[in-house]
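Worksheet: the structure to be examined is printed underneath.
The values are calculated or read from the model by the stated rules, or taken from the named source; none is laboratory data. This structure is a prediction, so every number in the text was calculated from the model and none was measured. Please note: Cβ atoms are built from the backbone with ideal geometry, for glycine as well, and neighbour counts cover all protein chains shown.
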Ligand SMILES: Nc1ncnc2c1ncn2[C@@H]1O[C@H](COP(=O)(O)OP(=O)(O)OP(=O)(O)O)[C@@H](O)[C@H]1O
Ligand SMILES: [Mg+2]
C-alpha cells in the first residue's frame, strides 16, 4: 500500500517550471487521498489560467502513476486565493535567495527597481531624482542604468563624458556622478581593454555583467535601477540575480491604467519582487497664477496603488524644470530645489527611505544576517 507521505515525496520531484521550486515546497499540493489504489490529488495553481497547468498536471500524473501500488491518479486543479499566493511568493523568494548566483552587490544593500507597465512615463527622471534626493538624505547611493540600449541616465546626471574603467583585477569601477555611483552602457567606451570586456554583450547578459563584474562599493545603502520599459526578461534576470530587489512603479494619472496595473502585478508575481509603492508622475500642471490643469487625467496613481495594495509615494507635477534639468545634467531636485516637482520628488524619496530604511538601521534580521556571515567566515577560516 502506497502512503500519502510517499506520494508527497514523489510530488517533491515535480518542479513548477516558472518558479523553479517543487510544488510541495510551494504549497501547491492541497490534499492527497489514497483509497484502494486510486490516488486523488488536489493542486492549487497560482492562477487558474496558468500556462504551465498542463505540464504540472501531467508531471504529477506521471510521477505518481509510476509508484508501486498505484492503479489510477485523479488530479483536481484549482487556483490559490490571494493569501496563499502571497505565501507562495514568500517561499519562492526565500528559495531564490538561497540559490541566488553571486553578485558583487552587498546583500545588505537595498535594491530598488524603478519600473512601469509602459514606456515614457518618467522612470528615468524619477530614478535619477530619487537617487539624488536619497543621497542628499545622507545615504550612499548607486544607480544602475538597466535600460541597456535606451540608456538616458548619463545625460541626466551630466556624466556623458565619464567613462567606466576597470581595475587590475578587471573589475569595473562605477563612475562618480554628482556623488552617485553610476553604471550605464552609456559610459562604456571603445577603448581596447574595455571594449574587449564588453564584446558580445547581449541584452540578457548585460545586467548580469553589471552586477557581477562591477565593483559595487560594499557600503552602498541603496542601489537604484532604472528599468527599461516593459515587463520582460530584464525583470526576471534581476529577481534571479538580486532576490532582495523590490519595485517602485511609476505611472501617469490616466485612469485607464487597469491593464497596466494587471501587467505590473503579474510581473511582480512572476519575478517575486514585492512592490514598495507607486509614484504618479506628470500629475497635472499649475500655472504661475495658480490655475491647475489635469493634463493627463487624475486618479491613476491612487487607483494603481489601491489595486496593488501599496502606498502612493508621491504625485510629481508636470514641470518644465524637470525637462531642462534632465537635459542640462542637473536633476530638478538639485537645479530647482524649491520647485513643486522637486519638493514632490524629495517627499517621495523620504517616504521610500521610511518604508525601506537602510539595512543596518534595522534591528533583528540584518544583524542576524551579518552575524551568520561572520560565523560562517570564522568557521571556514576565510
Ligand atoms: N514631471 C515631469 N514634468 C515634465 N516633464 C517630465 C516629467 N517627468 C518626465 N518628463 C519628461 O518626459 C520625458 C520622458 O521621461 P523619462 O525619459 O524619464 O521616461 P521613461 O519612463 O524613462 O522613458 P522610457 O520608457 O523611454 O525609458 C522626458 O523628456 C522627461 O524630461
Ligand atoms: Mg527611461
So in the range 30-48, with the set limited to residues that are outside any strand (DSSP E or B) and on the phi < 0 side of the Ramachandran plot, which one is modelled with the lowest pLDDT? 48
Checking residue 107 against (1) more than 16 Å from ligand 1 (Cβ to nearest atom); (2) without any contact (Cβ under 8 Å) to a residue 60 or more places away in the chain, only one condition comes out false. Which one? (2)
Please give the strands (runs of 3 or more DSSP E) falling wholly within the range 219-333 in which 3 or more residues are farther than 25 Å from residue 185 by Cα and in contact (Cβ under 8 Å) with a residue 40 or more places away in the chain. 275-281, 312-316
Among the candidates 327, 338, which residue alone is surrounded by fewer than 16 Cβ atoms within 10 Å (Cβ to Cβ), modelled with pLDDT of 85 or more and more than 15 Å from residue 124 (Cα to Cα)? 338
Listed residues 77, 70; which is touching a helix residue (DSSP H, G or I) at 6+ places or on another chain (Cβ under 7 Å), over 30 Å from residue 215 (Cα atoms) and in contact (Cβ under 8 Å) with a residue 60 or more places away in the chain? 70
Hits in the range 140-173 - residues which are in contact with a strand residue (DSSP E or B) (Cβ under 7 Å, 6 or more places away or on another chain), over 30 Å from residue 304 (Cβ atoms) and within 16 Å of ligand 2 (Cβ to nearest atom): 159
Positions within the range 213-237 being within 16 Å of ligand 2 (Cβ to nearest atom) and modelled with pLDDT under 85, in sequence order: 229, 230, 231, 232, 234, 235
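A quick yes/no check of all residues on (1) over 24 Å from residue 118 (Cβ atoms); (2) modelled with pLDDT under 85; (3) within 16 Å of ligand 1 (Cβ to nearest atom); (4) crowded, with 21+ Cβ neighbours inside 10 Å:
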| residue | (1), (2), (3), (4) |
| --- | --- |
| 198 | yes, yes, no, no |
| 270 | no, yes, no, no |
| 287 | yes, yes, yes, no |
| 294 | no, yes, yes, no |
| 298 | no, yes, yes, no |
| 302 | no, no, no, no |
